[in-house]
Amino acid sequence: MTQLTIKAGRAYMVTSPEREAAIRNLRDILGQGGVDVDLEITRYVPGRRGLPPPWTPEDIAIYIGSGVGSGLIGAITTDVYNRAKRWALRRYETKRKAARSDKEDSVKGERFKIYGPDGQVLKTWTVDKDGEHETDGE
């Protein structure tokens, strides 16, 4: 069974219930087809300070477990990438529709990074007011 771990949240930021529900939805989507998906949401630590720039997308890290054979990494990465991308596009559009039209440019984008078993970044994808952006590796 394939093992994935989703990590989200920051110790200096409160994760809203709506955001947490969306991340749990991503876990369910990635878990379809017998994939075991762990979810780690970092909780806000009172007193911690730090603010990302307002245009920074909401981040999610997806880790492929170390038990995955090297011959399967490419196929798993592609599958995870396609599922996470569909989720992120739907989420971003939902946020844009919920924002007033004069505030659409201030809607935070969505970004995910997929890490291989060795901790190396395999793919990064972002959607924001400027469109979609994809990179392989770091």
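Each row is one residue, and each column tells you yes or no for (1) more than 23 Å from R10 (Cα to Cα); (2) surrounded by 11 or more Cβ atoms within 10 Å (Cβ to Cβ); (3) out of contact with any Ser or Thr (no Cβ under 6 Å at 6 or more places or on another chain); (4) at pLDDT 85 or above.
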position: R24; (1), (2), (3), (4): no, yes, yes, yes
position: R27; (1), (2), (3), (4): no, yes, yes, yes
position: L89; (1), (2), (3), (4): no, yes, yes, yes
position: A99; (1), (2), (3), (4): yes, yes, yes, no
position: E110; (1), (2), (3), (4): no, yes, yes, yes
position: Y115; (1), (2), (3), (4): no, yes, yes, yes
position: G131; (1), (2), (3), (4): yes, no, yes, yes
Quick check on T78: is it at pLDDT 90 or above, hydroxyl-bearing (S, T, Y) and not in a strand (DSSP E or B)? yes
In the set G71, G137, the lone residue that is loosely packed, with under 12 Cβ neighbours inside 10 Å, out of contact with any Lys or Arg (no Cβ under 6 Å at 6 or more places or on another chain), at pLDDT below 90 and within 22 Å of G33 (Cα to Cα) is G71
Taking first residues from region 79-99 that are in contact (Cβ under 8 Å) with a residue 60 or more places away in the chain and second residues anywhere that are polar (S, T, N, Q), the pairs with Cβ under 8 Å that are 6 or more apart or on different chains are W87/N25
Just name the residue that is nearest to the chain's Cα centre (by Cα) out of those in region 13-40 that are among the β-branched types (V, I, T) and over 21 Å from K85 (Cβ atoms). T15
Out of the residues in region 117-129 that are closer than 16 Å to L4 by Cα and charged (D, E, K, R), state the one that is surrounded by the most Cβ atoms within 10 Å (Cβ to Cβ). K123
Restricting to region 29-41, and then to whatever is within 15 Å of I114 (Cβ to Cβ) and β-branched (V, I, T), can you tell me which residue is modelled with the highest pLDDT? I29
Run E58 past the list (1) in contact with a helix residue (DSSP H, G or I) (Cβ under 9 Å, 6 or more places away or on another chain); (2) at pLDDT below 95; (3) surrounded by fewer than 17 Cβ atoms within 10 Å (Cβ to Cβ) and report the number of the one that doesn't hold. (3)
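The values are calculated or read from the model by the stated rules, or taken from the named source; none is laboratory data. Please read all numbers here as calculations on a predicted model, not as lab measurements. Ideal geometry is used to build each Cβ from the backbone, glycine not excepted, and the neighbour counts take in all protein chains shown.
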